[in-house]
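Take a look at the structure set out below.
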Amino acid sequence: MNMPIASPPQLPVHVVAVGLHGLRHLLEELIPSVRNAEVTLIEKAYDEAVADIAAQRRRTTVDAIVAAGSNGNYLRQRLDIPVVLVRVSGFDVMQGLSAARRYAGRIALVTYGVVSDEIRQFVETFALPVELRSYGNEDEARACVHELKSMGVEVVVAPGLVVDLARENGLTGMLIYSQRLVREAIEDAVEVGRLRRSEAAKRDRINTILGELRDGVVAVDTEGRIEVLNPAMEKILGQPAGRLVGKPLASFMGDLDLEPTLRWQRPELERVQRFSGRTLVTSRVPIIEQGRLTGAVLTCQDPEAIRRMDRSLRTRSASRMRSVRYGLDDIVGDSRLIADVRARVLACARSRATVLITGESGTGKELIAQSIHMESERSSQPFVAINCGAFPESLLESELFGYTEGSFTGASRGGKTGLFEAAHTGTLFLDEIGEMPLSLQTRLLRVLQEKEVLRIGATDPTPIDVRIIAATHQDLASQVAAGVFRRDLYYRLNILLIRLAPLRDRPEDLRPLIQALQKKWLEQPGDRPPLDEALVKALLEASRNYAWPGNVRELENVLERVMVLSDLYPAQGLAADALKALVPEIFEEDAAASGSLEERRRAADLRHIKQVLRECGGNQAKAAELLNISRTTLWRRLKSDGQGAG
């Protein structure tokens, strides 16, 4: 059973009552009856009372003070604790004067401060033989008593100080305060202390919250004076809160003050400003309580903190797109050409410049791109890849640049983040860049130059930090000459170049590739025996003069086919015969076989395309996807063989 957690016990409100002689006696009578508060009596005045209260505060909390007359006013001026004064009412004056008449004929009424008009009217109305006097400090009180004595006054109705002085001079002194007035003052002090505790608890809570905020926050009253600020704002202003609270914000922050907000009572959000040599994002909001302006709040954000949070959010939202599967260890091969590629990958990873990877289809261009990313300082950030030849122009534009809500018919609600934004702080891999339409090449060039992206339908660009790696199987220089690829974009992309050699140019890599691919295949779920070594040797021997038009991707497909289907040909006896049944394309004679290497490569490439197309039942869309080329490219290559319309 879960038990509720008890809140820590709250200490009772602590009130200090200050009084001498007659007032002290009244306080002593009333203090025992006070509930829900602790009342401490101090029988001192002026500086001694201030010192005693300070000693009390060092031991415990003092929430409020009860005092009277000049002593109470003195404490008010020197302490930052609420002082509740014992007030004098007309009814109490009447009672005091009535009681004094029983003792003598000549009476004086002495009050602290100016004698009120109410008392003067009362005395004049009833023609009472009463001398009216007032005092402001102890010296005035002494002079007042001496004057009254010289006039023959016998009874003085007054506050405690004057009562004591009157008695010292042989006069009768009667306290002007009644028990009712003192009780009300104590009750008021307890309530003031309780409210002060409540406000202090609220302030502590607010200060705790503000203290946890990384943004600078300062609140002012209607006069623009600082009421509260958090540690982050202290750092911005370069001064502690103790020196700032109560002073005009404008004297510290100049253009960042809140005077316009207080005047017009309108919020102003996310304004970029400079202060003390740093850039801040500021927001100003008026404080309206129950329909009345009570102040304003200024918040200051560090743009770098915003960028860090933005990067974090982008990274989290793009985590599903950061499917990096390959690294430097996946670049397999023993040839000099592959060793050079590994060295270039490491060199490119140390740079932030754009990389252009060229090579035939299936040579592993994305593997190289991912390896560069994983070896770079951006390895923990997004890696986003897109095949520029796999999308229609309009769809490719929205995928790359994103769009705002309502920018076109069918646009998603809330808009869409483009791949440039999704790859912020990371790497964007543009595969088959040669297939990108000219109109989008222009937009891409602007992104590379300005380091910002403009969504479709937007007016304000978004700054981005993206490393671009592009790849193509085409000859971009020839495309530039033909006018189908922008020259300026070509030079912007072709900064760091990695050329991937086709598999036919590095036959010494066949065996390590077969071993690596076989290991990958065997690690997949299922019980599969390793490939027979005789078949491996037969495959290596048979493919010595094979052009491998599909390169490593074709080798992977061939190897998987052999591993899956080799058990179907046990009667063949010889590995070469079994291999011929499994991979007939390697053994096919072609009229172009006696031609140039380039002619043999094109012929082999076309055979590979036809083989994939047959396996896809003539479905060109599926075949293009498997071949990792666009349908346009597939159609063009088939057309060169007279089969474009199929």
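Computed values, structure above
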quantity: Every residue from region 168-209 that is in contact with a strand residue (DSSP E or B) (Cβ under 8 Å, 6 or more places away or on another chain), without any contact (Cβ under 8 Å) to a residue 40 or more places away in the chain and either of a type in the set (Phe, Trp, Tyr) or within 27 Å of Glu131 (Cβ to Cβ) (or both); calculated: Leu171
quantity: Evaluation of Thr61 against (1) surrounded by fewer than 17 Cβ atoms within 10 Å (Cβ to Cβ); (2) assigned to a loop (DSSP other than H, G, I, E, B); (3) over 53 Å from the mean Cα position of the chain (by Cα) (one fails), failing number; calculated: (3)
quantity: Cβ-Cβ under 7 Å pairs, at least 6 apart or on other chains, region 103-121 side in a loop (DSSP other than H, G, I, E, B), far side buried (at least 20 other Cβ atoms within 10 Å of the Cβ); calculated: Tyr103/Val155; Ala104/Val155; Arg106/Val153
quantity: Selected residue (only one of Leu165, Leu161 is under 24 Å from Glu48 (Cβ atoms) and touching a residue at least 60 places away in the same chain (Cβ under 8 Å)); calculated: Leu161
quantity: Subset of region 182-224 [modelled with pLDDT of 85 or more, buried (at least 19 other Cβ atoms within 10 Å of the Cβ) and either under 30 Å from Leu165 (Cβ atoms) or aliphatic (A, V, I, L, M) (or both)]; calculated: Val182, Ala185, Ile186, Ala189, Val190, Val192, Val217, Val218, Ala219, Val220
quantity: Among the candidates Glu541, Glu556, Glu533, residue that is open to solvent by 90 Å² or more (accessible area, probe 1.4 Å), at pLDDT 75 or above and either among the β-branched types (Val, Ile, Thr) or out of contact with any Phe, Trp or Tyr (no Cβ under 6 Å at 6 or more places or on another chain) (or both); calculated: Glu541
quantity: Residue in region 496-503 that is within 19 Å of Ala369 (Cβ to Cβ), in contact with a strand residue (DSSP E or B) (Cβ under 8 Å, 6 or more places away or on another chain) and open to solvent by 50 Å² or more (accessible area, probe 1.4 Å) present; calculated: yes
quantity: Residue within region 509-518 that is part of a loop (DSSP other than H, G, I, E, B), polar (S, T, N, Q) and out of contact with any Cys (no Cβ under 7 Å at 6 or more places or on another chain) present; calculated: no
quantity: Condition broken by Ile386, with the remaining ones in (1) assigned to a strand (DSSP E or B); (2) at pLDDT below 90 satisfied; calculated: (2)
quantity: Selected residue (only one of Ala423, Ala385, Ala369 is touching a residue at least 12 places away in the same chain (Cβ under 8 Å) and farther than 30 Å from Ala547 by Cβ); calculated: Ala423
quantity: Test result for Val86, within 25 Å of Glu187 (Cβ to Cβ), modelled with pLDDT of 80 or more and of a type in the set (A, V, I, L, M, F, W, C); calculated: yes
quantity: Boolean, Gln524 is more than 21 Å from Asp577 (Cβ to Cβ), open to solvent by 80 Å² or more (accessible area, probe 1.4 Å) and of a type outside the set (Ser, Thr, Tyr); calculated: no
quantity: Selected residue [within 13 Å of Arg467 (Cα to Cα), within 31 Å of the chain's Cα centre (by Cα) and open to solvent by less than 30 Å² (accessible area, probe 1.4 Å)] from Leu356, Leu400, Leu428; calculated: Leu428
quantity: Matching residues in region 404-420 - criterion: being at pLDDT below 90 and either in a helix (DSSP H, G or I) or in contact with a Ser or Thr (Cβ under 8 Å, 6 or more places away or on another chain) (or both); calculated: Glu405, Ala411, Gly415, Lys416, Thr417, Gly418
quantity: Number of the exception - Gly242 against (1) open to solvent by 70 Å² or more (accessible area, probe 1.4 Å); (2) touching a residue at least 12 places away in the same chain (Cβ under 8 Å); (3) not aromatic (Phe, Trp, Tyr); calculated: (2)
quantity: Condition met for Arg511 (out of contact with any Phe, Trp or Tyr (no Cβ under 9 Å at 6 or more places or on another chain), more than 23 Å from Leu346 (Cα to Cα), open to solvent by 70 Å² or more (accessible area, probe 1.4 Å) and modelled with pLDDT of 90 or more); calculated: yes
quantity: Residue that is most open to solvent (accessible area, probe 1.4 Å) [pool: residues in region 443-467 that are in contact with a helix residue (DSSP H, G or I) (Cβ under 8 Å, 6 or more places away or on another chain) and polar (S, T, N, Q)]; calculated: Gln449
quantity: Counted residues, region 42-79 - those being under 14 Å from Gly160 (Cα atoms) and in contact with a Lys or Arg (Cβ under 7 Å, 6 or more places away or on another chain); calculated: 1
quantity: Search result, residues across region 135-157 that are under 22 Å from Asp47 (Cα atoms), in contact with a strand residue (DSSP E or B) (Cβ under 9 Å, 6 or more places away or on another chain) and not in a loop (DSSP other than H, G, I, E, B); calculated: Tyr135, Glu140, Ala141, Arg142, Ala143
quantity: Any hit, region 168-180, residues being at positive phi and modelled with pLDDT under 80; calculated: no
quantity: Subset of region 86-109 that is open to solvent by 10 Å² or more (accessible area, probe 1.4 Å) and of a type in the set (D, E, K, R) - its residue that is farthest from Phe126 (Cα to Cα); calculated: Arg87
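The values are calculated or read from the model by the stated rules, or taken from the named source; none is laboratory data. Just so it is clear, the structure is predicted and the values come from calculations on it, not from any experiment. A quick note on method: Cβ atoms are made from the backbone with ideal geometry, for glycine too, and the neighbour counts reach across all protein chains shown. Heads up: the accessible areas ignore ligands, DNA and RNA and are worked out on the full protein's heavy atoms, side chains in. Shrake-Rupley method; radii C 1.70, N 1.55, O 1.52, S 1.80 Å.
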